[in-house]
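Data block below; observations after.
Taken together, the values in this text are just the output of simple stated rules run on the coordinates, not laboratory data. Not measured: the values here are computed from a predicted model. Here the Cβ positions follow ideal geometry from the backbone for every residue, glycine too, while neighbour counts run over all protein chains shown.
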Amino acid sequence: MKQKRVVIFSGGSLSDDFLNEIQHNDFIIGADRGALFLIEHGLHPDISVGDFDSITVEEQEKVRSYSGNIISCDPIDKALSDTELAFEIALKEQPEQILLIGGTGTRLDHTLANIQMLKLSLEHNISCVILDTNNYITITNSTIEVQQRKEYTYVSLLPLTLEVNGVTLNGFAYPLSNATLTMGHSLGVSNRLMTHKGTVSIQDGLLLVIQSKD
């Protein structure tokens, strides 16, 4: 059965507050330490995936015991990160939305790789959000509605391609009309919504939409 939403808990920065994001009937995937986080908080992932090299043998056994299914891989001979493995599984479920929690953290390389994975969701026509304590990150190649979110004051628009053309903003403090945003320039950084929602439209390119708070 097609899932309405898949929630991935990865091994980056995690907080107990993120457990409140889980909704009834969510299909839950735990990636490596993210699976252990869920189980230690009384939740049973539908699938746990990874090489599990960041947890102890005893913790690995706990993950095996309390997960609906386990997909393990060799920690050396693998082409994808644990998070990307989980993301590939999520895409195969063909949900309406993927929510990635724990996809950011102290490892900037992993954080950037996970943000770039948002492109894959567009290719599958699936909405995807990366959530952490300070950021709500999504992507568009056409038009997206941006809603006010508690404490997420700023809205920044960052090109994921060299240029994003035909950028038009409605409902923002600093509107744009048919503008071009270029990678390496900060024109789209730190805007604000003027009402409870606004729209971002582009003609071509890939645009990250980041709602953030200090």
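Cβ under 11 Å from F172's Cβ, F172 left aside: what net charge do those residues give with Lys, Arg +1 and Asp, Glu -1?
Once positives and negatives cancel, what remains is +2.
Assuming charge only on the beta carbon of Lys and Arg (+1) and of Asp and Glu (-1), the dipole of segment 140-212 about its Cα centre is about 260 debye to the nearest 20. Since only N135, G30, V146 are under comparison, the one whose Cα sits farthest along the positive direction of the charge dipole of segment 1-150, derived from C-beta charges on Lys, Arg, Asp and Glu, is V146. Checking the Cα-Cα distances for K4/K197; K119/K213; K92/K150; K4/K62; K62/K150; K119/K197 against a 26 Å cut-off, the pairs over it are K92/K150; K4/K62; K62/K150. Using a/c under 1.5 as the rounded threshold, could you call segment 5-133 rounded, prolate or oblate? The axes a ≥ b ≥ c are square roots of the C-alpha gyration tensor eigenvalues, and prolate needs a/b larger than b/c, oblate otherwise. In terms of gyration-tensor shape, rounded. Helix 82-92 versus the longest principal axis of the chain: what is the Cα-based angle in degrees, 0 to 90, to the nearest 10? So the inclination is approximately 80 degrees. Computed over the chain, the per-residue total of -39500 (n - 2.57) for DSSP H runs of n ≥ 4 gives a 222 nm mean residue ellipticity of -5500 deg cm²/dmol, rounded to 500.
Quote the charge dipole size of segment 5-133 about the Cα centre in Debye, to the nearest 20; the model charges only the Cβ of Lys and Arg (+1) and of Asp and Glu (-1).
220
Each other residue within a Cβ distance under 14 Å of S121 adds +1 if Lys or Arg and -1 if Asp or Glu, for a net charge of -2.
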